[in-house]
Amino acid sequence: MHMADALLSPTVGGVMWAASATGIAYCSKKVKEHLDERAVPLMGVLGAFVFAAQMINFTIPGTGSSGHLGGGMLLAILLGPHAAFLVIASVLVVQALFFADGGLLALGCNIFNLGFFPAFIGYPLIYRKIVTGDVTRAKLVMGSTLAAVASLQLGALGVVIETLASGITELPFSTFVMFMQPIHLAIGLVEGIVTAAVVSFVWEANPDMLGGLQGKAPAGVMPRKAILAALLAVAVITGGVISWYASSHPDGLEWSIAKVSGKEELESPDGIHSQLASLQDKIAFLPDYSFRNTAEAAESLQGDASSRLGTSVSGILGGSVVLCLAFLVGFILKKFAVKNG
Amino acid sequence: MDTLAGKDSPVHRIDPRAKVITFVVFAGCVVSFRKYEVSALLPYFLFPAVILPLGRIPMGFLARKVLLVLPIAVLIGIFNPIFDRTVLFSVAGLGVSGGMVSFTSILLRFVLTVVAALMLVAVTGFNGICATLERFGVPRAFSVQLMMLYRYLFVLTAEGVRMSRARELRSVGRAGTGLRDFSALIGHLLLRTWHRAQRIHMAMLSRCFRGEFFLRRPMRLGSADIVFTLAWSSAFIVMRLVNMPQAVGRFLLEVFP
């Protein structure tokens, strides 16, 4: 579920960074308003709890495999959406920096996929809708399971859309979706059931905790303004993501056009000039070429093979020389460091 | 990681802000290449090749961490050779498909960005990075949250491991590893964590905590820091604009035809 840098284009990464940064700023403000700023240590330690909880496995009945707690929905239930979003975001930052679990450029995507959906969709729109009035075990189980499943499905969809919008993987949309959603349905169910089990345990042991840090906020009443704001945010951001996806098609087009015309510039720097040129190409050729015209592309590639071979040979040769030089520098520096240190 | 960050070297002494900016430029340049780019990515290995020995970071340690997460990149990239079979060029009669090239490119990017991220933490330390984030306008609540999380991460993980081991020792075979006992276990861990957090909170308040942490090295932006950032950043940008291996290769082919 954690995306890596290598699969992202800077545009998509940047957009998602902006979205997540906005989320963090907004939630920090909210947390500051509603909680004592000094209460933040409580959140920090609960974030660490997520790591601790992941150390303990359980066997999934019937399959013999084992799973562990993800924690997003649990945090939302315990802390409320704003504090939960901050805690999930901080957990992801630490995972990216220390365990290389998810890249730094991809951090925006990961925070959005794993934090936004449970905290601002699953929790307010599903969990809080089900768990109202007199709290019963059935309501708790139902609410947390459904909310966890839905959040994870949305998150998985987010991964698919962000990856495809970046245009680095070759998987077609439908294949990727068919691959991701069922797997995450299973994972989400397990996550949901575990969350439900832990929540009902806590409810029995210490019911006060479920109100959590939200403290004296009117129970069960989710202000309409907040729901509207959440929906609006989803609409805007989805729109943003989809429009990026749409705008990535021309990139693919640019490629097929370049292939067809045989002027593909593997080695050229793409500065503003070639960007502009390709823009012109796009406008001029758009109606005539389909997204991936492999047959034609292959034909033109054959004709161009000899010059291409030249490029690739010099690329391989030069590449190995540069790489050797880089490692040589490193080796010398290491010797130097050992001598001095 | 913290032991590494606590060491002292020319790289460690550079201001955290300079390092974070340099890293961002590095990652931005590396991921901004087109998906069929391989050779132009290679010069970027110069960055880790210089920083690792200067920062006294053991290679093996880093390599193990990278290997641990490599399967993710392989898993997604592995489909590229299957779906994209257009032959881009051929070497000695062997056709190399676009998928193979983009797969290689994904792996290279992955290794570069992961190594750089680990390297950044190893020479800066987590508190340094958090302080930098705060200077760059990240809300105080979030940076304090990060630091608290980091401090208690290891304490609680150790507790989780102990609980897990205790259960394993008592559950002969499979008994007690099911969902029921699991949720009770996690629930107890949660209650304990909650109480611990409250105790910590009280203790911090009684020691005048006002939502702020202090650094061991004061943040001071000197000329060395600026030179470090500018030199590396411009090098990365030049590497991004000029395909050096291609140029070197062409030059060699001309000199030794």
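Every number in this text was worked out from the coordinates using simple rules, so none of it is lab data. Not measured: the values here are computed from a predicted model. Cβ coordinates were reconstructed from backbone atoms using ideal geometry, including for glycine residues, and neighbour counts include every protein chain displayed.
In this structure, B:Ala158 and B:Gln198 have a Cβ-Cβ separation that, at R0 = 22 Å, corresponds to a calculated FRET efficiency of about 0.65. Computed 3J(HN,Hα) for the stretch B:199-205, one whole-Hz value per residue from the Karplus formula 6.51 cos²θ - 1.76 cosθ + 1.60 where θ = phi - 60°, is 4, 4, 4, 4, 4, 5, 4, glycine and proline marked x.
Max-minus-min Cα coordinates of chain B on each principal axis give 74, 56, 30 Å, with the largest extent listed first.
For B:Ser97, the residues whose amide H sits under 5 Å from its own are B:Leu88, ignoring neighbours fewer than 5 places away on the same chain, with H placed 1.01 Å from N. Sequence-ordered 3J(HN,Hα) estimates for the stretch A:47-55 from the Karplus curve with 6.51, -1.76 and 1.60 and θ = phi - 60° stand at x, 5, 4, 4, 4, 5, 5, 6, 7 Hz, glycine and proline given as x.
The modelled label-to-label distance for the pair B:Ala247/B:Ala184, using points 7 Å beyond Cα in the direction of Cβ, is 7.0 nm. Computed over the stretch B:117-196, the range of Cα coordinates on each principal axis works out to 52, 28, 18 Å, biggest value leading.
Taking amide hydrogens as placed 1.01 Å from N in the peptide plane, the amide H of A:Phe58 sits under 5 Å from those of A:Gly67, each at least 5 positions away in sequence or on another chain. When the trypsin sites (Lys or Arg not before Pro) in the stretch A:100-184 are filtered for DSSP coil states and for at most 11 other beta-carbon atoms within 10 Å of their beta-carbon, no site remains. Mean-square fluctuations from a GNM of chain B, with a 10 angstrom spring cutoff on Cα atoms, peak among B:Val38, B:Val20, B:Val50 at B:Val50.
Here the translational diffusion coefficient of the stretch A:115-204 follows from Stokes-Einstein with Rh set to the Kirkwood radius across Cα pairs; for 10 °C and 1.306 mPa s it amounts to 114 µm²/s.
Annotation for the stretch A:68-102: chymotrypsin sites (Phe, Trp or Tyr not before Pro) lying in DSSP loop with at most 15 further Cβ atoms inside 10 Å of their Cβ are A:Phe99. Distance distribution note for the stretch A:5-222: the fraction of Cα pairs above 25 angstrom is 39%. Listed values for the stretch A:28-33 are Karplus-derived 3J(HN,Hα) couplings in whole Hz (6.51 cos²θ - 1.76 cosθ + 1.60, θ = phi - 60°), namely 4, 5, 4, 4, 5, 5, and x replaces Gly and Pro. With neighbour counts taken as other beta-carbon atoms within 10 Å, the residues A:Lys335, B:Lys19 rank, fewest first, as A:Lys335, B:Lys19. Estimated at 0.36 nm per residue, the fully extended path between B:Lys7 and B:Ala224 surpasses their Cα-Cα distance by 76.2 nm. Using the Cβ-Cβ distance between A:Lys129 and B:Arg85 with R0 set to 60 Å, the FRET efficiency from 1/(1 + (r/R0)^6) comes to roughly 0.75.
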